[in-house]
Structure formats: structure tokens, C-alpha cells
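Read the structure below first, then the notes.
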Amino acid sequence: MSGAAGLHATAMIYGESGVLILGPSGSGKSALALALLKPAPELPQGTLVVVLAGEDAKPKLLASSDRSSRYLTIAAIAPIALESDRALELWMLPDHGNPRSLGLVSAVAPMWSFRD
């Protein structure tokens with residue numbers, strides 16, 4: 001067959017659609033096809049609770065968030081002593097990107113709520 005070209009590829013069908021993944025041998029075409037067909041993991045349900053300890057390793061704050069909402073609640077469970085020129089600041093540390101301040105937290109209020 002003159003003029004014919006050989007292809008190195010992985011083909012997959014999903015529903016009524018088809019995809020052809022082209023690439024050199026060993027480039028991960030089959031692994032990509034398997035990853036695309038794998039079902040997405042289910043997110044855990046319920047409430048996430050974190051106990052934050054002070055420098056003395058004793059619990060000071062309780063942070064909780066219902067996984068179905070975008071709210072975070074922080075409650076003081078012990079007195080927090082701060083110097084007059086200091087403040088508590090809540091930071092979000094994303095998987096990718098820079099840390100982001102969510103704001104200052106009062107050391108005298110018993111509970112705070114934040115929404116992302």
C-alpha cells in the first residue's frame with residue numbers, strides 16, 4: 001500500500017464518542033486512557049473537625065466545616081493570651097498557588113465563621 005502511514009495510538013470509546021490518542025511508544029497513551037476512564041473518587045461526607053493546639057500543646061481552638069458547605073467555624077475552647085500588638089490570622093494554604101489570608105481573628109470572641 002503506497003502512501004499509507006502507520007500510527008502508534010490508543011483508541012477508546014466512551015458512550016457514543018471515540019478518542020484516538022497518538023504518540024510515540026512509551027509516552028503513556030495507555031496509562032492516560034485508563035486514567036480518563038477511571039471513575040472520579042467520591043468526596044468524604046460529614047463534618048471535618050480539627051483541634052488546634054497552643055505552644056503548650058494544649059487544645060486552644062476547634063475548627064470545623066461541614067463538607068457540603070463552604071463555611072469554616074472556629075471556636076475558642078481555652079483562653080488565648082496574646083500580646084497587645086499581636087493578632088491571630090487565619091490563612092488558606094491551597095494545593096497550588098500562594099497562601100491567602102482569610103482575615104484576622106479576635107482573641108476575645110468565642111466563635112468565628114469564614115466563607116471561602
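The values are calculated or read from the model by the stated rules, or taken from the named source; none is laboratory data. For clarity, every value in this text was computed on a predicted model and none was experimentally measured. Glycine also receives a Cβ, built like all others from the backbone with ideal geometry; neighbour counts cover every protein chain displayed.
The table below lists the values:
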{"quantity": "Selection status of Ser25, in a loop (DSSP other than H, G, I, E, B), surrounded by 10 or more Cβ atoms within 10 Å (Cβ to Cβ) and not basic (Lys, Arg)", "calculated": "no"}
{"quantity": "Number of positions in region 79-94 that are surrounded by fewer than 10 Cβ atoms within 10 Å (Cβ to Cβ) and within 17 Å of Lys58 (Cα to Cα)", "calculated": "2"}
{"quantity": "Subset of region 65-88 [closer than 18 Å to Ser106 by Cβ and either polar (S, T, N, Q) or not assigned by TED's automatic domain parsing to the domain that holds Gly103 (or both)]", "calculated": "Thr73, Ser84"}
{"quantity": "Residues (surrounded by 13 or more Cβ atoms within 10 Å (Cβ to Cβ) and either of a type in the set (A, V, I, L, M) or not assigned by TED's automatic domain parsing to the domain that holds Val105 (or both)) located in region 53-64", "calculated": "Leu61, Leu62, Ala63"}
{"quantity": "Where a residue in region 63-78 is touching a residue at least 40 places away in the same chain (Cβ under 8 Å) and its partner, wherever it lies, is outside any strand (DSSP E or B), with Cβ under 9 Å and at least six apart", "calculated": "Arg70/Asp116; Tyr71/Asp116; Leu72/Asp116"}
{"quantity": "Residue in region 1-18 that is more than 28 Å from Met92 (Cβ to Cβ) and among the aromatic types (Phe, Trp, Tyr) present", "calculated": "yes"}
